[in-house]
Amino acid sequence: MKEETSNNSRRKFLKSFGISVGAAGVVSSFSLIGAAKAATKKPAEMVNLLTQDGQLVQVDKNQLRPTVNEPLDELQKRGREGIPGKSFVMVIDLSKCRNARKCMSACQNHHQLRADQHHINVLQMQDAEHTAPYFMPKPCQHCDNPPCTKVCPVDATFKRQDGIVLIDNERCIGCRFCIAACPYSARIFQWTEPKDAEKYKDLTYNIEANVPQKKGTVSKCLFSADRLREDKLPSCVSACPNGVYYFGDRNEDAVTNGTTGETVRFSKLIEENAGYTLMEELGTKPRVYYLPPKNRAFEFNGDLLNEENLH
Amino acid sequence: MKNTIKNIAALFLIFIFSGSLANAQGWTVPNSAKKKQNPYEATSKNVSTGKKIYNLHCKSCHGDPTMANMLPLAPVAPTDLGAQNFLVQSDGEIYYKVNKGQGAMPTFEKTISDEDKWMVIAFLRSFDKNKKVKQQVAEVKNPEVTDVKLELNVNEADKTLLAKLSGITKKGKRVGLQGIEMSFLVKRSFGYLDVSGEDPYTNEKGDVAVQFPADLPGDREGQVNMIVKVTDDAFYGKLEEARVVTLGVPTDPVNPLDERAMWGTRANAPIWIIVTFVGGVLAIWSVIFLVLFQMIKLPKLAKSKD
């Protein structure tokens, strides 16, 4: 009795297996015929293409499909992980800044920001009544003890292993706790539809550049993390005409000037020029270092919108 | 009549004024400054040093001398510093302008040393067609050679690099090439760090030794990528040797996320937060369950009392 039932079930299984394999065969042969037909239709036009490993191949033009955008998941994953072994730092030499504002426009271009939105902003500073005024570019400080990531209720803003503090606009719910927590006012909020929203609506979101920007979320300086992946300096650093910015890897003890391309020892640069960080008393441990505005390359011209300053 | 004279005078003034504006490049230099002479001789060493400083501080705006590839700035574009109409100026005039700056041109009075400024002027003078005579000829002359070779010896014990530059003379003898500047460059993320030191010129044997910095970090094994090359391609073409050397300080990159911290990831929350949070949740639930059990017990208690 027992054997019979087991036999039955085996027979049933074999039957259904046969049917499904047969069906699959028919379907696949159909599709093969279809493909062959398509291939024989217009064999005329062949296109030369370079494969990823550098081989030149010929492909039938009929078989060409548009490339799939880099999938969001992959971008999100590598954006969270960061670049292993690196520890990025920036040094800003205040004695060289003359408020040319090239850093700001390069940044706004890169991150699709309007002219009134700043990931980096050049401020006119005067510390006290009788001290000399100076210009100070202020990006996100990418703190080693960031107050902003502590308060995020949805794990949208985070610090990566290479020291960069990023924000994931896909996760951000727009509560703006991080804006309140940041002592450097480094973050902005997209109150309205971002610039060129219509133009970029089909672009895959890149967490390392915060583009396309999303309405109702927070955005901030990212040290151009997408450019760093290609061993390029951040947009602001390479746009500066006056040699204000140095950028590099603290693990390598070297920073490179974006204007001159000169690479110097980070520790020596800080030591010899009395480098400091902003509001170190808060214990935020910033990764952006400033060199004091001593021996200036330009005379201070206080008028922010002075034509002479803007070229 | 008076009015017309006034008008003409006004027009004349405007004309003069606009003339001086249009001639904004007409940068007046005091006579005392014009007379200054370059105290440094135009040796190839000085010219090469000047070229280095030029590339760092001037090239980003002025471009390469004589190439006219300066930044297209408005309203006044930077001058081509190798052009003859610039080089008609005296050393002192150029020195004054470098020091003072004007408009978008920075003041280099304190940012680079006097010596460096004169070196740059010596470099610019090397493009001057009228003052070629001043070039010093007291430099070492290397024989004409073929098959120039660059050899690199690395001494890992005392962290020195020894480069040897040699070529074969017409007589078929391999000789060292003297007085050639070499660059010792260490690859970093965004550029090359120059570790050549003060005097990276080959001696009469064609040798040059460089001390590698004792505290420069390498990777986990202390390895760094190095390029040693003849600084100026004009001598023997592009000659360089790339090598991985184990001269750096072995450095283990610290991952800040390994540390338990408030700002870190969920998995790396501080122990005290995990303990207090889990403890709090457990305490609250146990109180609720305690109350529930007591309530279940109540009817039984009432029965037993009856």
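The values are calculated or read from the model by the stated rules, or taken from the named source; none is laboratory data. Quick caveat, the model's predicted, so the values are computed rather than measured. Because the Cβ atoms are built from the backbone with ideal geometry, glycine has one as well, and the counts that use them run over all protein chains shown.
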Within the stretch B:220-234, restricting to residues that are within 19 Å of the chain's Cα centre (by Cα) and over 22 Å from B:Val254 (Cα atoms), the one that is farthest from the other protein chains (Cβ to nearest Cβ) is B:Val230
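Condition check ((1) away from every other protein chain (no Cβ under 14 Å); (2) crowded, with 22+ Cβ neighbours inside 10 Å) across all residues:
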site: A:Met125; (1), (2): yes, no
site: A:His130; (1), (2): yes, no
site: A:Asn145; (1), (2): no, no
site: A:Thr157; (1), (2): no, yes
site: A:Ser185; (1), (2): yes, no
site: A:Thr192; (1), (2): yes, no
site: A:Tyr200; (1), (2): yes, no
site: A:Lys215; (1), (2): yes, no
A:Ile167, sole failed condition from (1) of a type in the set (Val, Ile, Thr); (2) closer than 30 Å to A:Asn251 by Cα; (3) surrounded by fewer than 20 Cβ atoms within 10 Å (Cβ to Cβ): (3)
Determine whether B:Leu257 is under 21 Å from A:Gly85 (Cβ atoms) and not assigned by TED's automatic domain parsing to the domain that holds B:Leu150. yes
So which strands (runs of 3 or more DSSP E) stay within the stretch A:108-206 end to end and still have 3 or more residues that are in contact (Cβ under 8 Å) with a residue 60 or more places away in the chain? A:134-138
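Each row is one residue, and each column tells you yes or no for (1) within 28 Å of A:Cys148 (Cα to Cα); (2) away from every other protein chain (no Cβ under 11 Å).
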site	(1), (2)
B:Gly191	no, no
B:Gly218	no, no
B:Arg243	no, yes
B:Gly248	no, no
B:Val254	yes, no
B:Ile271	yes, yes
B:Gly280	yes, yes
B:Ser286	no, yes
Conditions (1) without any contact (Cβ under 8 Å) to a residue 60 or more places away in the chain; (2) more than 25 Å from A:Tyr246 (Cβ to Cβ); (3) touching a Ser or Thr at 6+ places or on another chain (Cβ under 8 Å); (4) in a loop (DSSP other than H, G, I, E, B) -> B:Val175 fails only (4)
Condition check for B:Ala214: closer than 30 Å to B:Glu144 by Cβ and either part of a loop (DSSP other than H, G, I, E, B) or not hydroxyl-bearing (Ser, Thr, Tyr) (or both): no
Exactly one condition in (1) within 13 Å of another protein chain (Cβ to nearest Cβ); (2) assigned to a strand (DSSP E or B) is false for A:Tyr290; which is it? (1)
Among (1) surrounded by 19 or more Cβ atoms within 10 Å (Cβ to Cβ); (2) at pLDDT below 90, there is one condition B:Tyr96 misses while meeting the rest; what is its number? (2)
